[in-house]
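Asks: This is the structure I want to talk about, given as structure tokens.
The values are calculated or read from the model by the stated rules, or taken from the named source; none is laboratory data. What you are looking at is a predicted structure, and each value in this text was computed from that prediction instead of being measured. Quick reminder, even Gly has a Cβ in these numbers, built from the backbone with ideal geometry, and neighbours come from all protein chains shown.
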Amino acid sequence: MIDNFSILLSHGLLALAFWYLLQRDDMDAEAPPVPDKEPEGFGHQRLKPGQIDNAAGDTPDA
Amino acid sequence: MRDLVFVGYLALILLLAFKRPFLFTLIYAYIDIIAPQRLSYFMLNSIPLSLIVFGLAVLGFLISDDKKDVRISPRWALLIMLLAYCGYTTTIADEPVFALEKWGWVWKALVFAAFLPLTLRTRVRIEALALTMVLCASALIVTGGIKTAVGGGGYGVLVLLINNNSGLYEGSIISTVAIAIIPLILWLAKHGTIFKPDWRVRVYVAALIFSCLLIPVGTQARTGLVCIAVLAVLLLRFNKYRFMYAAGAVTLGLMAIPLLPQSFTERMETIQNYEADESASTRIAVWSWTLEYVKTHPFGGGFEAYRQNKIKYEIPVIDENGLDTGDVLSQEKEIVDEGRAYHSSYFEMLGEQGWPGLVIWLLIHVGGVWRMEVIRRQYKKRAREDEEWVAPLAIALQNAQIIYLIGSLFVAIAFQPFVYMLIAMQIGLDTYLVRRRKEAAWRPIKQRRLGKVAPPEPAPNSA
């Protein structure tokens, strides 16, 4: 009885998850990420603070 | 009847997978974790189910997946190296017949772990794998939790769906795994998009975590209690209200003691008196044997090399007050044993795969803890709204691995397929994030030329 309940619950939820996944277009391909507002790593260190602000200001869509 | 239900269920989910082939990969994970062929009496036993589904998963990947997104990482290469090295030690194994038997399932676990990261190309896929693993483990955990709650537990007594000691169905292994996945369950509850966080998810998650905590009580595996303690400490790390949390956890723990079965508290007390316990004494004797063994066999003895050991150990006599009477030799009980298992993943790797195998294995695991830390720090710093899920997932995977690494000090689960799926998820997350960061990287020259950042192009299949 307990075993059957556990099997039913887990398998039911798994099947439901698979069903939801069928409707998810972003499972196989995602839209590209929103571009970064400022560089990372060495590029970030080379830029002066003012430049970062300008770069960020240039990206209204980001 | 149960056979028919399982066949029908499998047919249904396989049918769904023909529409979206990545589901084959998830179905393979399901078959590997739950092993429905073991729950079935004859129908599923008679066909090589996992081989068929793995073939479909690979075929689905080859035909329908975009291979340009595929990335590999150093840890992925280490997995392949471990696979090749284990293959080699199997050919020179001291116990060739038993070694071949273990190799029969180990190579599958490693090949699947190497295959998984290639398919984890989107956030949804990573989440889907986490969800599948949790739900599959829940089949065993829910039944174990309920049986424990109604008083059906006991060391070696608690039966999880079937009376079988392999895979996750073994008491110490399910205790470690049940606690290790709690961070992942919490992540799914907060950042899940397949089952969006609402009151139903919260109720289910609370019940499932309670069940997870009951598993070490039900199986009376001491490893589980150690894992709970490790989890409690790990959760403290990122808690804003540390003192309140610690006080709450201690209070809850103390309140739980009177409610625990007496057999459980008695068994847990043996952690302190490990010298008087046969199981613990065996461990220490086997570990000493292994250290001696690798002095003459630095490249290991192949799978199941422990079967050749003959160990002798002594158990001090304990009086009725629990004190070691210990000074008279004649009072000590001497035990001679043969073919005792390692009872530790570290010694399992050392004895079976020697120093090279242990080093590769440690690099894979410690490398995972380190990479998740790097990701956590990196994404905390990036602080982008669309990446809010990343750092918590890295923490969850890191915590799961630390719990496993501590739990596996006392249980030989170095090749547990479930854990390799966790590692594959870490590698998949890591390579996915590298690719996404590259795609999102700042492009000053383009910006200057266009005067602004080009808007993102829509994905071919996006809605």
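Asks: Of the residues B:52, B:33, which is away from chain A (no Cβ under 14 Å) and modelled with pLDDT of 90 or more?
Replies: Working: B:33 fails: away from chain A (no Cβ under 14 Å).
Among B:52, B:33, only B:52 is away from chain A (no Cβ under 14 Å) and modelled with pLDDT of 90 or more.
Asks: Kindly indicate whether residue B:193 is part of a helix (DSSP H, G or I) and touching a helix residue (DSSP H, G or I) at 6+ places or on another chain (Cβ under 8 Å).
Replies: The answer is no for residue B:193.
Asks: Which residue out of B:383, B:394 is in contact with an Asp or Glu (Cβ under 9 Å, 6 or more places away or on another chain), closer than 30 Å to residue A:34 by Cα and among the hydrophobic types (A, V, I, L, M, F, W, C)?
Replies: Selected residue: B:394, the only one of B:383, B:394 that is in contact with an Asp or Glu (Cβ under 9 Å, 6 or more places away or on another chain), closer than 30 Å to residue A:34 by Cα and among the hydrophobic types (A, V, I, L, M, F, W, C).
Asks: Considering (1) closer than 16 Å to residue B:136 by Cα; (2) without any contact (Cβ under 8 Å) to a residue 40 or more places away in the chain, say which one residue B:55 fails and leave the rest.
Replies: In the conditions (1) closer than 16 Å to residue B:136 by Cα; (2) without any contact (Cβ under 8 Å) to a residue 40 or more places away in the chain, residue B:55 misses (1) alone.
Asks: Considering only residues of the stretch B:66-103 that are closer than 28 Å to residue A:30 by Cα and surrounded by 15 or more Cβ atoms within 10 Å (Cβ to Cβ), which is farthest from the other protein chains (Cβ to nearest Cβ)? Step through it out loud before you land on a result.
Replies: Going through the stretch B:66-103, the residues closer than 28 Å to residue A:30 by Cα turn out to be B:66-77, B:79.
Right, trim to surrounded by 15 or more Cβ atoms within 10 Å (Cβ to Cβ) and you get B:69-71, B:73, B:75-76, B:79.
Values: B:69: 9, B:70: 13, B:71: 15, B:73: 19, B:75: 22, B:76: 21, B:79: 24 Å.
By that ranking, first place goes to B:79.
Asks: Still on this structure: Of the numbered conditions (1) within 9 Å of chain A (Cβ to nearest Cβ); (2) out of contact with any Lys or Arg (no Cβ under 9 Å at 6 or more places or on another chain); (3) touching a residue at least 24 places away in the same chain (Cβ under 8 Å), residue B:143 satisfies every one except a single condition; which is it?
Replies: Going through the list (1) within 9 Å of chain A (Cβ to nearest Cβ); (2) out of contact with any Lys or Arg (no Cβ under 9 Å at 6 or more places or on another chain); (3) touching a residue at least 24 places away in the same chain (Cβ under 8 Å), residue B:143 breaks only (3).
Asks: On to the next question. List every residue pair whose Cβ atoms sit under 9 Å apart, with the two residues 6 or more apart in sequence or on different chains, where the first one lies in the stretch B:369-383 and is touching a residue at least 12 places away in the same chain (Cβ under 8 Å) and within 12 Å of residue B:401 (Cα to Cα) and the second, anywhere, is of a type in the set (D, E, K, R) and in a helix (DSSP H, G or I).
Replies: B:371/B:75; B:371/B:430; B:372/B:430
Asks: Within the stretch B:405-463, work out how many residues are at pLDDT below 85, closer than 25 Å to residue B:69 by Cα and either surrounded by 19 or more Cβ atoms within 10 Å (Cβ to Cβ) or more than 10 Å from chain A (Cβ to nearest Cβ) (or both).
Replies: 4
Asks: Just one of (1) over 17 Å from residue B:237 (Cα atoms); (2) assigned to a helix (DSSP H, G or I) trips up residue B:342, so point out which.
Replies: It fails just one condition, (2).
Asks: Still on this structure: Scan the stretch B:250-309 for residues that are assigned to a helix (DSSP H, G or I), modelled with pLDDT under 75, surrounded by 13 or more Cβ atoms within 10 Å (Cβ to Cβ) and of a type in the set (Val, Ile, Thr) and report the count.
Replies: 1
Asks: Then there is this: Which of (1) more than 24 Å from residue B:296 (Cα to Cα); (2) at pLDDT below 95; (3) surrounded by 20 or more Cβ atoms within 10 Å (Cβ to Cβ) is the odd one out, the single condition residue B:344 does not satisfy?
Replies: Result: residue B:344 passes all but (1).
Asks: Separate question: Do we find that residue B:63 is among the β-branched types (Val, Ile, Thr) and touching a residue at least 40 places away in the same chain (Cβ under 8 Å) in this structure?
Replies: Considered against the rule, which asks whether it is among the β-branched types (Val, Ile, Thr) and touching a residue at least 40 places away in the same chain (Cβ under 8 Å), residue B:63 comes out as yes.
Asks: Is it true that residue B:115 is more than 14 Å from every other protein chain (Cβ to nearest Cβ), touching a residue at least 24 places away in the same chain (Cβ under 8 Å) and either buried (at least 20 other Cβ atoms within 10 Å of the Cβ) or not in a loop (DSSP other than H, G, I, E, B) (or both)?
Replies: Numbers: more than 14 Å from every other protein chain (Cβ to nearest Cβ): yes; touching a residue at least 24 places away in the same chain (Cβ under 8 Å): yes; either buried (at least 20 other Cβ atoms within 10 Å of the Cβ) or not in a loop (DSSP other than H, G, I, E, B) (or both): yes.
Yes.
Asks: Tell me which residues, restricted to the stretch B:196-223, are touching a residue at least 40 places away in the same chain (Cβ under 8 Å) and farther than 21 Å from residue A:6 by Cα.
Replies: Residues satisfying the conditions are B:221, B:222, B:223.
Asks: In this structure, does residue B:119 turn out to be in contact with a Ser or Thr (Cβ under 6 Å, 6 or more places away or on another chain) and under 30 Å from residue B:207 (Cα atoms)?
Replies: no
Asks: Checking the structure you have, find out if any residue of the stretch A:33-41 is modelled with pLDDT of 55 or more, more than 8 Å from chain B (Cβ to nearest Cβ) and more than 30 Å from residue B:24 (Cβ to Cβ).
Replies: yes
Asks: Can you tell me which of (1) buried (at least 19 other Cβ atoms within 10 Å of the Cβ); (2) assigned to a helix (DSSP H, G or I) is the one residue B:207 doesn't meet?
Replies: Unmet for residue B:207, out of (1) buried (at least 19 other Cβ atoms within 10 Å of the Cβ); (2) assigned to a helix (DSSP H, G or I): (1).
Asks: Something else about it: Under 6 Å by Cβ, and 6 or more places apart or on different chains, what pairs join a residue from the stretch A:13-40 that is assigned to a helix (DSSP H, G or I) with one that is among the hydroxyl-bearing types (Ser, Thr, Tyr) and at pLDDT below 85?
Replies: Correct list of pairs: A:25/B:462.
Asks: Step by step: first the residues of the stretch B:118-139, then only those that are within 8 Å of chain A (Cβ to nearest Cβ), touching a residue at least 40 places away in the same chain (Cβ under 8 Å) and among the aliphatic types (A, V, I, L, M), then the one that is surrounded by the fewest Cβ atoms within 10 Å (Cβ to Cβ). Which residue is that?
Replies: The qualifying residue surrounded by the fewest Cβ atoms within 10 Å (Cβ to Cβ) is B:124.
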